[in-house]
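Novice: Pasting a structure below so you can have a look.
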Amino acid sequence: MPNITLAQASTIVEAALAKAREMSLAPMTVVVLDPGGHMVALKREDGSGILRVEVAAGKAWGGLGLGSGSRMLADRVASGAAGAAFVNAIASSSGGRVVPVPGGVLVRQGGEVLGAVGVSGDLSDKDEACAMAGIAAAGLDADTGAKPA
C-alpha cells in the first residue's frame, strides 16, 4: 500500500496554513495521517483551541475509515433520520473518534489512498478549502467526499 511521505505531508501542512493566513482565518490545526490512521505531520498555530488536534485528526481518521472525505458524513447527517442514524452508529462504533463535518480530506494519487488531511480552526467549509489547497500544493488529488455534481 502506498503511503504519504513526510515531505508530502510537510508540504500539505505548510500550504494549508498559508491558505488559512491568505483567507484571514482563525488559528488553525492541520493533521496528516497515513492510510493506517497514524500521524505523519501535525502543526497547531498559536492560539488554536485545545481540542483542535483531536477534531482535525477525527475528521481525517473518519475519512480513512469510510473511504471518503468527511463531507460525505456531513451530507449523511443532513439527509435525514436514516443518515443521522448511520453517522451515530459510526460515531459509536469508532469510540467517538469520527468527526462528521467537512475538513477531513482523503489524499489520493492515481486513485490510491495515500492518507488523509484534517483541518480544524474555522468554519468547516473553510477548513476543507485549506486542506484542498495543501493537497494541491503537494501535487496530489483531494477527495472531500462531496457528491458528484
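Novice: If I filter the stretch 102-149 down to residues being charged (D, E, K, R) and part of a loop (DSSP other than H, G, I, E, B), which single residue comes out as farthest from the chain's Cα centre (by Cα)?
Specialist: Across the stretch 102-149, the extreme among qualifying residues is LYS147.
Novice: OK, next. Have a look at GLY110, GLY95, GLY80 and point out the one that is surrounded by fewer than 20 Cβ atoms within 10 Å (Cβ to Cβ), at positive phi, out of contact with any Gly (no Cβ under 8 Å at 6 or more places or on another chain) and at pLDDT 90 or above.
Specialist: GLY110
Novice: Which condition breaks for PHE86 when tested against (1) touching a residue at least 24 places away in the same chain (Cβ under 8 Å); (2) touching a Lys or Arg at 6+ places or on another chain (Cβ under 6 Å); (3) surrounded by fewer than 17 Cβ atoms within 10 Å (Cβ to Cβ)?
Specialist: Failing condition for PHE86: (1).
Novice: Looking only at the stretch 100-149, which residues are closer than 17 Å to PRO35 by Cα and of a type in the set (S, T, N, Q)?
Specialist: Matches in the stretch 100-149: GLN109, THR144.
Novice: Then there is this: Kindly indicate whether any position in the stretch 89-98 is closer than 22 Å to ARG21 by Cβ, small (Gly, Ala, Ser) and outside any loop (DSSP other than H, G, I, E, B). Spell out the reasoning first.
Specialist: Filtering the stretch 89-98 for residues closer than 22 Å to ARG21 by Cβ gives none.
No, the stretch 89-98 contains no residue that is closer than 22 Å to ARG21 by Cβ, small (Gly, Ala, Ser) and outside any loop (DSSP other than H, G, I, E, B).
Novice: Can you say whether LEU25 is in contact with a Ser or Thr (Cβ under 9 Å, 6 or more places away or on another chain), modelled with pLDDT of 95 or more and surrounded by fewer than 21 Cβ atoms within 10 Å (Cβ to Cβ), as far as the supplied structure shows?
Specialist: For LEU25, the condition - in contact with a Ser or Thr (Cβ under 9 Å, 6 or more places away or on another chain), modelled with pLDDT of 95 or more and surrounded by fewer than 21 Cβ atoms within 10 Å (Cβ to Cβ) - is not met.
Novice: Within the stretch 28-66, count every residue that is in contact with a helix residue (DSSP H, G or I) (Cβ under 8 Å, 6 or more places away or on another chain), in a loop (DSSP other than H, G, I, E, B) and more than 23 Å from ALA91 (Cβ to Cβ).
Specialist: Qualifying residue count, the stretch 28-66: 2.
Novice: Do we have any residue at all in the stretch 8-17 that's under 19 Å from GLY134 (Cα atoms), under 13 Å from the mean Cα position of the chain (by Cα) and free of Cβ contacts under 8 Å to residues at least 40 places away in the same chain?
Specialist: no
Residue-by-condition table, conditions (1) over 17 Å from VAL40 (Cβ atoms); (2) of a type outside the set (Gly, Ala, Ser):
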site	(1), (2)
PRO102	yes, yes
VAL113	no, yes
GLY118	no, no
ASP125	yes, yes
PRO148	yes, yes
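Novice: Right, here's the next one. Only one residue in GLY104, GLY67, GLY63 is within 19 Å of ALA142 (Cα to Cα), among the small types (Gly, Ala, Ser) and modelled with pLDDT of 95 or more, so which one is that?
Specialist: GLY104
Novice: Going by the conditions given, is GLY69 part of a loop (DSSP other than H, G, I, E, B) and in contact (Cβ under 8 Å) with a residue 12 or more places away in the chain?
Specialist: yes
Novice: Looking at the stretch 45-55, can you tell me whether even one residue there is within 15 Å of the chain's Cα centre (by Cα), closer than 16 Å to LEU17 by Cα and surrounded by fewer than 21 Cβ atoms within 10 Å (Cβ to Cβ)?
Specialist: yes
The values are calculated or read from the model by the stated rules, or taken from the named source; none is laboratory data. Since we're looking at a predicted model, the values are computed, not measured. All Cβ positions, even for glycine, are placed from backbone atoms using ideal geometry, and neighbour counts span all protein chains on display.
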